[in-house]
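For reference, the structure is listed below as structure tokens.
The values are calculated or read from the model by the stated rules, or taken from the named source; none is laboratory data. All of these numbers come straight from a predicted model, not from anything done at the bench. Neighbour counts are summed over all protein chains in view; Cβ atoms, including those assigned to glycine, are modelled from backbone coordinates with ideal geometry.
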Amino acid sequence: MGNRLVPAILIALLLIVHAQLWFGRGSVGNVSAMQQKLDAQKAANLEAQQANERLSSEVRDLKEGLEMVEERARMELGMVKPNEIFVNVTR
């Protein structure tokens, strides 16, 4: 009886491991589906990152553009901000 018990236990364990490989949480099909989801999420992340970079670039351009407009208004038109005193020093 002892001689038959060990192989029976090993076969049962092999069947359990094999069943997990095909039908369990870490099964081949499940891993494939998760890989597809991961690839789709990576693509979505890349698109979002590119959109963020575009928006960041637009914000930077707008800030620099406003600074240039403000500088030209000050130098060429002598404009000042509220509660600011304009002093023109010439040489």
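Of the residues that make up region 62-81, is at least one exposed (fewer than 10 other Cβ atoms within 10 Å of the Cβ), out of contact with any strand residue (DSSP E or B) (no Cβ under 9 Å at 6 or more places or on another chain) and at positive phi?
So far as region 62-81 goes, yes, one or more of its residues are exposed (fewer than 10 other Cβ atoms within 10 Å of the Cβ), out of contact with any strand residue (DSSP E or B) (no Cβ under 9 Å at 6 or more places or on another chain) and at positive phi.
Can you tell me which residue within region 24-69, out of those that are of a type in the set (Gly, Ala, Ser) and within 30 Å of LYS81 (Cβ to Cβ), is modelled with the highest pLDDT?
In the first step, residues of region 24-69 are kept if they are of a type in the set (Gly, Ala, Ser); the result is 24, 26-27, 29, 32-33, 40, 43-44, 48, 51, 56-57, 65.
Narrowing the set further to residues that are within 30 Å of LYS81 (Cβ to Cβ) leaves 56-57, 65.
On the way: SER56: 93, SER57: 90, GLY65: 79.
Going through the qualifying residues, I end up with SER56.
Residue pairs, Cβ under 9 Å, 6 or more apart or interchain, first in region 74-91 and among the aliphatic types (A, V, I, L, M), second part of a loop (DSSP other than H, G, I, E, B). List them.
If the second residue must be part of a loop (DSSP other than H, G, I, E, B), the pairs left are MET79/PHE86; VAL80/PHE86.
In region 19-40, how many are loosely packed, with under 11 Cβ neighbours inside 10 Å and not aliphatic (A, V, I, L, M)?
Looking only at that region, the number is 9.
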